[in-house]
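The values are calculated or read from the model by the stated rules, or taken from the named source; none is laboratory data. Owing to the predicted nature of the structure, the values given are computational and were not obtained by experimental measurement. Please note: Cβ atoms are built from the backbone with ideal geometry, for glycine as well, and neighbour counts cover all protein chains shown.
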Amino acid sequence: MEHEGMSSTKFADEIGVQRPKMSHIVSGRNNPSLDILQKILERFTYVSTDWLLFGRGEMKRESVSSSPVIGAEKAENEAEPERGAKNCEETEDKIETKENKPTVIERIVYQERPPKAISRIMIFYADNTFDTFVPEKGKKD
């Protein structure tokens with residue numbers, strides 16, 4: 001801002017952020033977000049990324065052009081379609097092999113058990129005593 005001779009409001013307008021956000025950053029209340037840093041670097045292409053992020057080195061870049069980086073990315077991306085086509089074919093083969101497998105249906109068989117009979121009921125009391133109840137044989141409800 002000082003280098004361009006701008007106020008914080010003019011600077012905020014220039015990079016396309018809300019004025020209160022810039023005011024909070026200048027006052028030290030908030031740190032700049034990644035979005036704001038990117039907007040500064042897009043608008044002021046001569047500003048060094050290291051200087052803006054870390055305070056290291058010179059404020060101005062030696063070279064403003066960033067085409068070598070973009071060119072390197074394009075060269076890598078041009079090789080990608082060949083790999084992508086191979087991966088696509090492999091994926092289709094995997095899909096086809098999964099479809100050809102027979103479907104296994106599992107059946108769960110429940111075995112009935114004989115009904116359980118109560119042999120005795122015990123009740124324990126807080127005073128460390130207990131009662132035992134034994135059902136009478138041959139009597140069913």
*In the stretch 40-56, is there at least one residue being more than 14 Å from His3 (Cβ to Cβ), surrounded by 12 or more Cβ atoms within 10 Å (Cβ to Cβ) and small (Gly, Ala, Ser)?*
no
*Quick one: is Ala79 of a type outside the set (Asp, Glu), modelled with pLDDT under 55 and surrounded by 10 or more Cβ atoms within 10 Å (Cβ to Cβ)?*
no
*Considering every residue within the stretch 103-122, establish whether at least one is at pLDDT 55 or above and in contact with an Asp or Glu (Cβ under 9 Å, 6 or more places away or on another chain).*
yes
*Restricting attention to the stretch 1-37, report how many residues are within 28 Å of the chain's Cα centre (by Cα), of a type outside the set (A, V, I, L, M, F, W, C), assigned to a helix (DSSP H, G or I) and surrounded by 14 or more Cβ atoms within 10 Å (Cβ to Cβ).*
1
